[in-house]
Each structure stands twice: as C-alpha cells, then as structure tokens.
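Written below as structure tokens is the structure these notes are about.
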Amino acid sequence: MVRKGGVKFDEGPPDGFDPNDPYADPVALLEQREYLVREKWIDIEKAKIIRERLQWCYRIEGVNHLQKCRHLVQQYLDATRGVGWNKEARPIELHGPKVSKSTD
C-alpha cells in the first residue's frame with residue numbers, strides 16, 4: 001500500500017464558466033456556485049477563528065484589553081465586513097468597503 005504525496009484540491013473557479021451567459025454550460029454553473037459557497041464558508045470560518053482569539057484576548061488582558069487587543073479587533077472587523085450570505089446584492093454603502101490596513 002502506497003501513500004499519496006498529498007491531496008490536491010481544485011481551488012479556483014471553473015474553467016468553462018462564462019459570467020455573461022451563465023446558463024450556457026450547466027455543469028460550469030453548478031461548479032461556480034459551489035466555488036462561491038466554498039469561498040464564503042472559508043471567509044466565515046476565518047472570522048470565527050479571529051473572534052475566538054479576540055474573546056481569549058479579552059479574558060486574558062482584563063482592563064488592558066482596549067490597548068492589547070486592538071489589532072485583533074481590527075482584524076475581526078476587516079474579516080466580517082462584507083462576509084455572509086446575500087451581501088453581494090446589497091449596495092456597498094450598507095456594508096462599507098474593506099478598509100486598508102493602517103500602520104498605527
């Protein structure tokens with residue numbers, strides 16, 4: 001029995017998908033939908049991990065959490081901005097653009 005060197009995942013969008021005519025290839029349409037859902041779940045899980053780290057930081061730092069956990073708060077806000085279901089249909093003013101990282 002031989003072990004494989006590694007598992008390779010197809011991480012990109014489907015090759016045959018045409019956004020101008022999405023119903024031309026139904027298989028590519030389903031693959032595109034699965035790709036978008038997978039990417040959304042990845043973004044949501046990243047935000048959950050940052051939230052757990054932020055909760056831990058709040059508990060550990062106590063009264064100093066405003067200074068010590070500031071970087072985690074910024075990461076969490078950046079991770080949650082525009083993430084979730086049905087956000088792409090909303091106007092950008094409602095959920096705001098992603099803010100570039102500042103060097104404070």
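A short reminder: the numbers here are calculations on the coordinates, not readings from a lab. Everything quoted here is computed from the prediction, not taken from an experiment. All Cβ positions, glycine included, derive from the backbone under ideal geometry; neighbour counts span all protein chains shown.
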### Query
Got a sec to turn the phi values of segment 38-50 into Karplus ³J(HN,Hα) couplings, 6.51 cos²θ - 1.76 cosθ + 1.60 with θ = phi - 60°, whole Hz, x for Gly and Pro?
4, 5, 4, 5, 5, 5, 5, 5, 4, 5, 5, 5, 5
### Message
Taking amide H atoms as placed 1.01 Å from N in the peptide plane, list the residues 5 or more away in sequence, or in a different chain, whose amide H sits under 5 Å from that of F17.
### Response
none
### Task
Would you mind estimating how fast segment 26-92 diffuses translationally, via Stokes-Einstein at 10 °C and 1.306 mPa s with the Kirkwood radius over Cα pairs, in µm²/s?
115
### Query
Hey, got the dipole for segment 1-65? About the Cα centre, +1 on K and R Cβ, -1 on D and E Cβ, debye to the nearest 20?
660
